[in-house]
1. For the chain, what is the accessible area per residue in Å², given a 1.4 Å probe and the full set of protein chains?
2. Probe radius 1.4 Å, ligands and nucleic acids left out: which of HIS280, HIS273, HIS69 has the largest accessible area, and how do the rest follow?
3. With a 1.4 Å probe and all protein chains in place, put TYR246, TYR33, TYR183, TYR231 in order of accessible area, largest first.
4. Please find the FRET efficiency linking LYS127 to GLN238, where r is the Cβ-Cβ separation and R0 is fixed at 56 Å, and quote it to the nearest 0.05.
5. Subtract the Cα-Cα distance of LEU114 and TRP224 from 0.36 nm times their separation in residues, and report this length gain in nm to one decimal.
6. Of the residues LYS189, LYS160, LYS212, which exhibits the maximal mean-square fluctuation in a Gaussian network model of the chain defined by a 10 Å Cα contact cut-off?
7. Regarding segment 165-290, what are the three Cα extents along the principal axes, ordered largest first, in Å?
8. Test of understanding: what is the full-extension gain from ALA47 to ASP70, defined as 0.36 nm times their sequence separation minus their Cα-Cα distance?
Amino acid sequence: MKIRLLAAFLSTSFISSALTQPLVIAHRGASGYLPEHTLEAATLAYAQGADFIEQDLVLSKDLVPVVLHDIHLDTVTDVAQKYPTRHRDDGRFYAFDFTLAELKTLVVHERQELDGKQVFVNRYQGKAAFQIATFAEELELIAQLNRQLKRNVGYYPEIKSPQWHQQQGADISLIVLNMLREYGLDDAKKAIYVQCFDFAEIKRLRIELGAKVKLIQLIGDNSWGEADTDYTALQTPQQLADVAKYAQGIGPWLPQVFDLQAGKITDLVNNAHQAGLQVHPYTFRQDVLPSDISAEQVLTVLFNQVKIDGLFTDFTDTVVSYLKSTNLNQPNAKSPN
Ligand code: CA
């Protein structure tokens, strides 16, 4: 009898924690250690135990989805040295103005400001010839590692600047969605989320393009000019209920759920959960925390008090080992999926 009770208890705790175990989302791969969005960064994030690996997507001139955070190339590649005349009138170099073959000639380096100063000074400082990866290459990489290592690490692509791509005459959402369909990934049951900052595009993906895949509405700050979406209004319970008609979750900016300076938790996670939405905020970066707060303290607040469902992080290893350490008494807590 005692044994049966214990078994019942264990199976209940297994089910509930398997359902609630937060997702560790490798933000641009293991970008805390290697140049963002390279296949090397994705591989390291995989090895560090990420549940999902993010791919920001923009199009090349020949309409191939490539993994880059920006429509611009100048802050992460040597494009200005290799193709000095190929900038637009604003002085910027755009991935869309280069064929995939040309993009493949570029060397990817750690993210810099336009003046050449490294954004995160203590991160990767080497000069190896990292390359821009295509979305197809990254899908293949993760699928092959999953097959061999018997894991189910998921994909977390972001459709970048759909309106801007339309202005260039290209439908990035349709191109990406068609690719997902080719790979059997336009499926709500598969380990994949598609994210976008543009609410009109999220609606278009779901309704007009008939996407079946899980969608995440990203929430930025209106001052960033990411899309025409009004992010202040989007965070109200009324609009969150509207988001829930099309998307499975939101990806807010961390300060929108937890104000680190003031130590204040906002209502956003609660309101999103009320609307039935998961919450995956971005971005946990242990190398830019205020000196009087530790990574562990921030993660404890986020997972235990704010109760987020997943976290974008540049440091997959830190978040994975934190979650493991808090589950010491629940060896089966981690879902196999
Ligand atoms: Ca992103």
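1. 47 Å²
2. Reading off the accessible areas and sorting them downward yields HIS273, HIS69, HIS280.
3. Highest to lowest solvent-accessible surface, that is TYR183, TYR33, TYR246, TYR231.
4. 0.65
5. Residue separation times 0.36 nm, minus the Cα-Cα distance, leaves 37.9 nm.
6. Greatest mean-square fluctuation among the candidates belongs to LYS189.
7. That works out to 46, 32, 29 Å along the principal axes.
8. Working it through step by step, the gained length comes to 5.7 nm.
The values are calculated or read from the model by the stated rules, or taken from the named source; none is laboratory data. Quick caveat, the model's predicted, so the values are computed rather than measured. Cβ atoms come from the backbone with ideal geometry, glycine included; neighbour counts cover every protein chain shown. Accessible surface areas use protein heavy atoms only, side chains included; no ligands, DNA or RNA. Shrake-Rupley method; radii C 1.70, N 1.55, O 1.52, S 1.80 Å.
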